[in-house]
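**Q** The structure's right below; bear with me while I get my questions together.
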Ligand SMILES: [Mg+2]
């Protein structure tokens, strides 16, 4: 059985956890290409995630040419939305996810989704989500994105859940890092972009093949 002994909520990452992963490496490359074209030096963005590449590129350009910065930001943000929406059209949640979520809710456990994807893509991939999920915090719903724990905190607050009595489930190191920062019980899944070692190093106390058996493990 999985601690905590009385679980308030289970928070799920979306891509790679409840649904097939986006090609994040390709998406990042397309944003980097735009950023290079805008003249931003590589040391400004080289170690950053996609959204943070755009923020850093915007800030660098803004100090030099506000109009160009605004144009770059609008173009880059639209590009990630276009990629997400194109992928969403061909994607559904993994078979068995809805039964697992129903099983958790039957135990009066609240369900949250915390994702760096946009809300419109989640709604396209999981149109009946309201039957299974109590609160969704997508990229456009929050000021601070995970690995910033405030992304998870917004969701926990909407659910009325205590972090130390809640579980964070995800395929990403940043999911485990954000959950660990809040003393949540972090469970990694192998349906996305990381292996067991990477997830454990990021704070997972347990790693599962997928999330489909979760309702049988949580007490
Ligand atoms: Mg993920």
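**Q** Between 0 and 90 degrees, rounded to the nearest ten: what's the tilt of helix 150-159 against the longest Cα principal axis of the chain?
**A** 40 degrees
**Q** Kindly put 166, 47, 193 in sequence by how many other C-beta atoms sit within 10 Å of each C-beta, fewest to most.
**A** Least to most surrounded, the residues fall as 47, 193, 166.
**Q** For each of 185, 165, count neighbouring Cβ atoms within 10 Å of the residue's Cβ, then give the residues from fewest to most.
**A** The fewest-first ordering by Cβ neighbours comes to 165, 185.
**Q** Sort 180, 17 by Cβ crowding within 10 Å, fewest neighbours at the top.
**A** 180, 17
**Q** Report the Cα centroid-to-centroid distance between the stretch 120-146 and the stretch 32-76 in angstrom, as an integer.
**A** Here the two parts' Cα centres lie 26 Å apart.
**Q** Relative to the longest principal axis of the C-alpha atoms of the chain, give the angle of the C-alpha long axis of helix 24-37, reported between 0 and 90° and rounded to the nearest 10°.
**A** Tilt of helix 24-37: around 20 degrees.
**Q** May I ask for the Kirkwood hydrodynamic radius of the stretch 80-174, worked out over all distinct Cα pairs and given in angstroms to one decimal? Display every interim value, and only then the final one.
**A** Values: mean 1/r = 0.0710 Å⁻¹.
This gives a value of 14.1 Å.
**Q** Beyond 22 Å, what share of the Cα-Cα pairs of the chain remains, rounded to the nearest whole percent? List each step's numbers first, then the result.
**A** Working: 11975 of 23871 pairs.
For the chain, the fraction of Cα-Cα distances above 22 Å is 50 percent.
**Q** Oh, and also: Would you mind listing how long the stretch 13-67 runs along its three principal axes, going by Cα atoms, in whole Å with the largest first?
**A** 42, 20, 17
Coordinate-derived values only; no laboratory data. These numbers were taken from a predicted model, which means no experiment stands behind them. Quick reminder, even Gly has a Cβ in these numbers, built from the backbone with ideal geometry, and neighbours come from all protein chains shown.
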